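Input: a single structure, listed below in structure tokens.
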Amino acid sequence: MRRGRLVVGLGIVAMLAGADVLTERVGAHAIVDAPNRHAAPPATTQPGEQRIVVGPPAATLSVMVAAPRLPPRATIFILHGIRDSKEHVRAWADHLNEAGYRTVLVDSRGHGRSTGDWLSYGVLESRDLSQLLDALHFDGPIGVMGVSYGGATAVEWAGSEPRVKAAVAVAAFASLRDIVPIYTPRMVPLLGWLIPRWVMQRTVDHAGRLGGFDPDAASPKKAAQACRTPILLVHGRNDTTVPYEQSEMIRDGARDHVTLAPLEAQDHDHIAGDPRLWPLVLDFFGRTFP
């Protein structure tokens with residue numbers, strides 16, 4: 001009887017261990033597989049589109065540059081959210097162009113019309129943006145504005161690139177390790193709540209190995225602490241996808257140069273189109289780029 005119980009117990013342990021390994025492998029790919037993984041660049045370019053090669057790892061970024069009528073006050077790079085494209089933040093470019101800024105709409109690696117196999121939550125993307133800035137040869141000050149995944153990348157780029165003089169992050173996460181335990185139950189209904197936190201963190205480690213980046217570097221809160229660049233965080237109070245507290249975590253370690261503006265009764269999916277965004281953003285950029 002005892003031997004039978006032991007066999008059953010070992011079988012349960014083996015099943016749990018196997019489930020953890022499966023969760024780690026499947027989860028890691030879910031984290032870092034890019035929407036355009038293994039895809040070739042589009043066969044033709046769009047009017048006004050530029051394609052810039054970056055890397056390693058090699059990728060070709062699709063970008064669109066738009067200038068105001070008068071000489072620009074600054075150049076603002078605009079970054080979309082995860083599994084999205086620059087087309088969904090084109091209205092941002094219109095607002096900024098009207099206010100006198102040159103804009104650069106970017107399809108992040110592996111998104112939209114850009115190539116690339118892996119997502120790195122701002123790590124490789126920040127390096128891409130610096131290479132893109134080199135290739136475009138712009139004079140004058142540089143700023144960046146992004147939403148969600150793009151917002152996190154904006155802060156990480158500001159933390160590593162001294163040419164960036166101002167950053168706006170809308171609904172950004174504090175770090176990859178902070179957001180995965182929050183996001184997993186949403187992506188894995190019912191069973192997601194049963195996955196231990198240590199399994200999630202091991203999955204993040206495996207994701208970093210797959211994508212070729214340090215997952216601990218995917219951290220806007222660390223990036224904000226590493227720089228003195230003015231940063232504006234805007235976050236919806238009703239955001240359940242990336243909770244408001246994520247922006248609080250970014251701000252709390254860098255209060256001398258990071259400002260957090262809450263948008264009451266706003267969620268994650270609609271914040272990019274909230275008209276209350278623009279007085280905040282234009283005032284912030286206007287003070288930084290007079």
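All of the numbers you see were taken from the coordinates with simple rules; none came from a lab. Just so it is clear, the model here is predicted, and its values are computed rather than measured. Virtual Cβ from ideal backbone geometry, glycine too; neighbours counted across all protein chains shown.
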Next on the checklist: Quick check: pseudo-label points 7 Å beyond the Cα along Cα→Cβ at residue 87 and residue 130, how many nm apart are they?
Outcome noted: 3.2 nm
Checklist outcome for this item: Hits for the chain under the membrane-span-like helix rule (DSSP H, Cα axial span at least 27 Å, Kyte-Doolittle mean at least -0.5) are 2-32
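Please sort by residue number the trypsin sites (Lys or Arg not before Pro) in region 30-78 whose DSSP state is loop and whose Cβ has at most 16 other Cβ atoms within 10 Å.
In loop regions of region 30-78 (DSSP not H, G, I, E or B), the sparsely surrounded trypsin sites (Lys or Arg not before Pro) are 37, 69.
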Checklist entry - Setting aside same-chain residues fewer than 8 positions from residue 86, which aspartates and glutamates have a Cα under 14 Å from its Cα? => result 49, 94, 107
Next on the checklist: I'd like the distance separating the alpha-carbon centroids of region 85-115 and region 35-73, in whole Å.
Outcome noted: 10 Å
Checklist entry - Using a simple charge model, +1 on the beta-carbon of Lys and Arg, -1 on the beta-carbon of Asp and Glu, nothing else, what dipole does the chain show about its Cα centre, in debye to the nearest 20? => result 620 debye
Item to check | Environment charge at residue 132 (Cβ cut-off 15 Å; Lys +1, Arg +1, Asp -1, Glu -1) | outcome: 0
Item to check | Descending semi-axes in Å of the chain, equivalent ellipsoid built from Cα gyration tensor | outcome: 37, 22, 16
Checklist entry - Rounded, prolate or oblate: which fits region 17-138, taking a ≥ b ≥ c as square roots of the Cα gyration tensor eigenvalues, rounded meaning a/c under 1.5, else prolate when a/b beats b/c? => result prolate
Checklist entry - Which Cα, out of 129, 81, 144, lies furthest along the positive dipole direction of region 80-153 (beta carbon charges, K/R +1, D/E -1)? => result 81
Checklist entry - aspartates and glutamates within cross-link reach of residue 165: Cα-Cα under 19 Å, excluding same-chain residues under 8 positions apart? => result 125, 128, 134, 139, 156, 256, 283
Checklist entry - Rounded to the nearest 500 deg cm²/dmol, what is the calculated helix-only ellipticity per residue at 222 nm for the chain, with -39500 (n - 2.57) per DSSP H run of length n ≥ 4? => result -13000 deg cm²/dmol
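For region 195-286, what is the Kirkwood hydrodynamic radius in Å, using each pair of distinct C-alpha atoms?
Over region 195-286, the inverse of the mean reciprocal pair distance is 15.0 Å.
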